[in-house]
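No lab work stands behind these numbers, since they all come straight from the coordinates. Keep in mind the model is a prediction, meaning the values are calculated, not measured. Don't worry about glycine lacking a Cβ; one is built from the backbone with ideal geometry, like all the others, and counts go over all protein chains shown.
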Amino acid sequence: MTSVAVVVSERLARYGFGEGHPFGPDRLAAFLREFSARGLPQRVRLLEPRTASDEELRSFHTPEYLEFVRERSASGSGLLDAGDTPAFKGVYEAAAGVVGATLSAQEAIMSGECRRAFVPIAGLHHAARDRAAGFCVFNDCGVAIEQLKRAGLKSIAYVDIDAHHGDGVFYAFEEDAAVVFADLHEDGRYLYPGTGASAETGRGAARGMKLNVPLPPGSDEQVFAAVWPTVLAHLKRFSPEFIILQCGADSLEGDPITHLRFSPAVHGRAARDLAALAEELGHGRVLALGGGGYNRSNLAHAWTSVVENLL
Ligand SMILES: [Zn+2]
């Protein structure tokens, strides 16, 4: 039996902001073409996702914000944030579908149906508890963490190699000692959302549990290789019971909206090392979420590299 599940569903393609938008609905097809070309569908368990319930969404988001998205979703007009994230008809259901995909993958891991999983159109790390941001309507990472806590887990690791800082996850759990956080991203002085300075290490009970590593524009895989061991050492200190990897492909060279210069091998190595760490910790649980990535060829190569290295 294969130990890796991948969520493959046309439902995920409904989450996109129109042709021509960096986060367009064609991102899923770009991934699936490469995924098939490498023979991966035969080597993994294909998972059909469910949608997320309102109660699950409420475990992370405020009721007022959910109502706001529901209204904009019905009218199909206006913006969901200050300008990056337009509403479209059915955006509520599409975004709940992304959260459902992440929860389906997480449940498959927790039930032992698989050991590791990947969800391509997920990892929407900018959404806050009470607002949309940066193409992210509902924060599937945040809902997943809340659900794992409800399931009784005491320590959950969130690792983020997307070019943008995972601010929606970071600030929601900044004081939460159940969340071990590590985020490599382009320095906020040069890229949205501007946060994630190295001095941001967590507050209160979680002081010292959050690792933010801002990288200068142009950082390549040598820079990654120099800082990655620090991430692994940070995670090991807390022996997390579940590892989430947000593997945004916008940190690759040639992305149209960022300035890092990683190669797909970086994403593969991150997946491989975290899978090895999870095995070392005795549970094997790794959930990889696609994240950003606006150069279609880049996201196809980075994400298939992640799947190959989870196998
Ligand atoms: Zn990003």
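Just for the chain, what percent of DSSP beta bridges are antiparallel, to the closest 5?
10
Within the P(r) computed for the stretch 141-198, what percentage of the Cα pairs occupies the region above 13 Å?
59
What does the convex hull of the Cα atoms come to per residue for the stretch 1-88, in Å³?
130
For the chain, compute the number of Lys pairs whose alpha carbons are separated by less than 27 Å, excluding pairs fewer than 8 positions apart on the same chain.
5
Using R₀ = 25 Å, calculate the FRET efficiency as 1/(1 + (r/R₀)^6) where r is the Cβ-Cβ separation of residue 79 and residue 197; round to 0.05.
0.35
Please list, short to long, the whole-number percent of alpha-carbon pairs of the stretch 183-290 in consecutive 10 angstrom bins beginning at zero.
Here the calculated profile for the stretch 183-290 is 14, 44, 35, 7.
Hey, what D do you get for the stretch 65-105 in µm²/s if you plug the Kirkwood alpha-carbon radius into Stokes-Einstein at 37 °C and 0.692 mPa s?
Result for D is 313 µm²/s.
When only DSSP loop residues count, what GluC sites (Glu not before Pro) in the stretch 1-87 have their Cβ near at most 12 other Cβ atoms within 10 Å?
Filter output for the stretch 1-87: 19.
Roughly speaking, what % of Cα-Cα pairs in the stretch 1-157 are separated by over 22 Å, rounded to a whole number?
Result: 41 percent of Cα pairs exceed 22 Å.
Would you kindly compute the Cα radius of gyration of the chain and its largest Cα-Cα separation (Dmax), both in Å?
Over the chain's Cα set, Rg and Dmax evaluate to 17.4, 50 Å.
By per-residue mean of other Cβ atoms within 10 Å, what is the highest-first order of 278-288, 80-90?
Put in order of decreasing packing, that is 278-288, 80-90.
What ranking do 298-309, 262-273, 150-161 get when scored by the average of other Cβ atoms within 10 Å per residue, highest first?
298-309, 262-273, 150-161
If you take the beta carbon distance between residue 89 and residue 265 as r and set R0 to 45 Å, what does 1/(1 + (r/R0)^6) give as a FRET efficiency, to the nearest 0.05?
0.65
Add -39500 (n - 2.57) for each DSSP H run of 4 or more in the chain, then divide by its residues: what number comes out at 222 nm, to the nearest 500 deg cm²/dmol?
Only helices count here, giving -11500 deg cm²/dmol.
Take residue 129, project a point 7 Å from its Cα along the Cβ direction, then tell me which residues of the stretch 86-117 have their backbone nitrogen under 14 Å from it.
none
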